[in-house]
Amino acid sequence: MKISVQTGDIVDRLGAEKGYALIKKAGFDAIDWNLDHAWNSSDLRKGTYKGKCIFEKSLPEVTEHYSDEIAIIRANGLEITQAHAPFPCMIKEKPETLDYAAEVYKRNIEFCDSVGCKNLVIHGFSYSLSDSINTPETVYQYNRKLYTSLIPVLLKSNVTVCLENLFSGHNGVNYQGHCSNAAEGAAFIDGLNEEAGKEVFGLCLDTGHANLLRHDLRLFISTYGKRIKALHIHDNNGSSDNHRAPLTGTVDWNHFCLALKDAGYKGDLSFETFAQTNAVLDYDEDMLLPWLKLIYATGVSFRKKIRSK
């Protein structure tokens, strides 16, 4: 059970050499690689996206693009245990963007497989109360189209695509997004794996999103059970997606650890605390290492609780 952190703005702001060295110095074993930074989501909305994402290119070209960064990651003794694909997967007014995203995700999967990254998080498309174009049924069909299109590539790899429990917002109110209904999400994942004939899909449990929707973590986690393959661990105030360090918000971390223990979770503990580390960097760069060490120590504590008898 490795302890990892999203590379996010740590590497973007400090550079690969310094960023990865700090992550390792803080104690982390692994990283959740922010491959989502490979495109600008505003290009999707504007329709100016083609030709701008590295994952449109061949696998050798993608590998060459990231070769220096991979070398730095490995020189620091860090494993790439999970990664985050670009999002959103579709713009509601531009359904053709779903086909484009699917092709990008196929190359994402091939690249992750080539570097030994076992889990790739790919966001689904969520129904929005402000959406006058789609219905819950059409949203379901779009998601099914997206994920089933990835099956042939997944069957040739050792990568698991992890769906994520999402949330949506409307008029200042948070409501359910894709996979935030645990029973429906579990059934959706089971259906995909049945179609694949192999377990190639799972869930990335996002603790912050669950907290925004006031989920009982023990019930939520027990419903998904062994389908949970990866984690996005972060805290918030219950109303905004703050992405803060655990114990700085309202998530019940005892319930989180007990539920993962009961579910027999054997995966890694990955922190998605980029807003916390950004706030630290905005204040004083010298404070980043102590904060990263604290986040890592929190992971050690979680691991002890999850493994306790």
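Some notes on this structure:
- Subset of region 21-41 (residues that are more than 20 Å from Ile233 (Cβ to Cβ) and among the aromatic types (Phe, Trp, Tyr)): Trp39
- When Tyr20 is tested against (1) crowded, with 22+ Cβ neighbours inside 10 Å; (2) over 26 Å from Lys229 (Cα atoms), just one condition goes unmet, and that condition is (2).
- Residue in region 48-95 that is farthest from Trp33 (Cα to Cα), counting only those that are in contact with a Lys or Arg (Cβ under 9 Å, 6 or more places away or on another chain) and of a type in the set (Ser, Thr, Tyr): Ser58
- The residue that is modelled with the highest pLDDT, among those in region 1-46 that are touching an Asp or Glu at 6+ places or on another chain (Cβ under 9 Å) and farther than 28 Å from Asp282 by Cα, is Lys2.
- Region 109-136 - residue that is part of a helix (DSSP H, G or I) and modelled with pLDDT of 95 or more and, of those, surrounded by the fewest Cβ atoms within 10 Å (Cβ to Cβ): Ser114
- Test result for Asp216, at pLDDT below 95 and within 21 Å of Leu258 (Cβ to Cβ): yes
- Screening Gln82 against (1) in contact with a Ser or Thr (Cβ under 8 Å, 6 or more places away or on another chain); (2) under 16 Å from Ala16 (Cα atoms) leaves a single unmet condition, (2).
- Top-ranked residue in region 41-97 [being small (Gly, Ala, Ser) and surrounded by 15 or more Cβ atoms within 10 Å (Cβ to Cβ); ranked as farthest from Asp131 (Cα to Cα)]: Ala83
- For region 43-61, the tally of residues that are outside any helix (DSSP H, G or I), in contact (Cβ under 8 Å) with a residue 40 or more places away in the chain and over 15 Å from Lys106 (Cβ atoms) stands at 3.
- Of residues in region 203-221 being surrounded by 22 or more Cβ atoms within 10 Å (Cβ to Cβ) and not aliphatic (A, V, I, L, M), the one nearest to Leu146 (Cα to Cα): Cys204
- Residues satisfying the stated conditions in region 1-41, i.e. in a helix (DSSP H, G or I) and of a type in the set (A, V, I, L, M): Ile10, Val11, Leu14, Ala16, Ala21, Leu22, Ile23, Leu35, Ala38
- Failed condition for Gly15, given (1) within 25 Å of Gly177 (Cβ to Cβ); (2) surrounded by fewer than 21 Cβ atoms within 10 Å (Cβ to Cβ): (1)
- Single residue of Gly202, Gly299, Gly208 found to be closer than 28 Å to Leu155 by Cα and among the small types (Gly, Ala, Ser): Gly202
- So Gly177, is it touching a strand residue (DSSP E or B) at 6+ places or on another chain (Cβ under 8 Å) and either on the phi > 0 side of the Ramachandran plot or not hydrophobic (A, V, I, L, M, F, W, C) (or both): yes
- Enumeration of residues in region 76-101 that are assigned to a helix (DSSP H, G or I) and either free of Cβ contacts under 8 Å to residues at least 40 places away in the same chain or touching a strand residue (DSSP E or B) at 6+ places or on another chain (Cβ under 6 Å) (or both): Glu96, Thr97, Asp99
The values are calculated or read from the model by the stated rules, or taken from the named source; none is laboratory data. Remember, predicted model here, so these are calculated numbers, not experimental data. Here the Cβ is made from the backbone with ideal geometry for all residues, glycine too, and neighbour counts use every protein chain on show.
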